[in-house]
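Novice: Sharing a structure below in structure tokens format, with a few things to ask.
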Amino acid sequence: HPSGHPAVPASSTGNVYLTLMLSLSSPSDLTFIADGFDRLLNNSHESLNTYMPLTLERLECMEEVLILFLKFLGNEKFLEHILERSATSYVTPLCFIMLHYEDLHRCPPP
């Protein structure tokens, strides 16, 4: 295949993206995805804990990031990669999101 990844047939559900996501096993791909999730999940508390207010904008799609992260954890290779790296770097932002969920998603008054 030209991109370096083998062609992945659609699963019985017909979701090619989910099938491709679950078939990722290259260490470089897993590291790239894990680093991205690390940055995205840490955005919630980093945007509230900066020295200069409003220097880091908060993501408005945190629910989607959490669902995508959960779907990626369905890939056994990705889960092993996360656990081999440092699972605590993911536990901290997930706990912060759980504790401050209502505050993070409360709409400001008009």
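The values are calculated or read from the model by the stated rules, or taken from the named source; none is laboratory data. Bear in mind that the values here come from a model prediction, so they are computed numbers and not experimental data. Cβ sites come from the backbone with ideal geometry, for glycine too, and all protein chains shown count toward neighbours. Calculation scope for accessible area: heavy atoms of the full protein, side chains included, ligands and nucleic acids excluded. Shrake-Rupley method; radii C 1.70, N 1.55, O 1.52, S 1.80 Å.
Novice: Being over 14 Å from D38 (Cα atoms) and of a type outside the set (S, T, Y) is the filter here, so list the residues in the range 55-66 that pass it.
Specialist: Of the range 55-66, the ones over 14 Å from D38 (Cα atoms) are 55-58, 60-61, 63-64.
Residues satisfying the conditions are L56, E57, R58, E60, C61, E63, E64.
Novice: Still on this structure, please answer the following. Given (1) surrounded by 11 or more Cβ atoms within 10 Å (Cβ to Cβ); (2) of a type outside the set (G, A, S); (3) modelled with pLDDT of 80 or more, where does E46 come up short, assuming only one miss?
Specialist: Failed condition: (3).
Novice: Of the residues that make up the range 86-93, is at least one part of a loop (DSSP other than H, G, I, E, B) and open to solvent by less than 70 Å² (accessible area, probe 1.4 Å)?
Specialist: The answer is yes, given that some residue of the range 86-93 is part of a loop (DSSP other than H, G, I, E, B) and open to solvent by less than 70 Å² (accessible area, probe 1.4 Å).
Novice: Here's another thing I want to ask about it. What number of residues within the range 21-43 are farther than 16 Å from T88 by Cα and surrounded by 16 or more Cβ atoms within 10 Å (Cβ to Cβ)?
Specialist: Counting residues in the range 21-43 that are farther than 16 Å from T88 by Cα and surrounded by 16 or more Cβ atoms within 10 Å (Cβ to Cβ) gives 5.
Novice: Just need a number here: residues in the range 54-85 that are farther than 14 Å from L18 by Cα, assigned to a helix (DSSP H, G or I) and not hydrophobic (A, V, I, L, M, F, W, C).
Specialist: So in the range 54-85, the residues farther than 14 Å from L18 by Cα come out as 54-66, 77, 79-85.
Imposing the further condition that a residue be assigned to a helix (DSSP H, G or I) reduces the set to 62-66, 77, 79-85.
Restricting the remaining residues to those that are not hydrophobic (A, V, I, L, M, F, W, C) gives 63-64, 77, 80-81, 84-85.
The total comes to 7.
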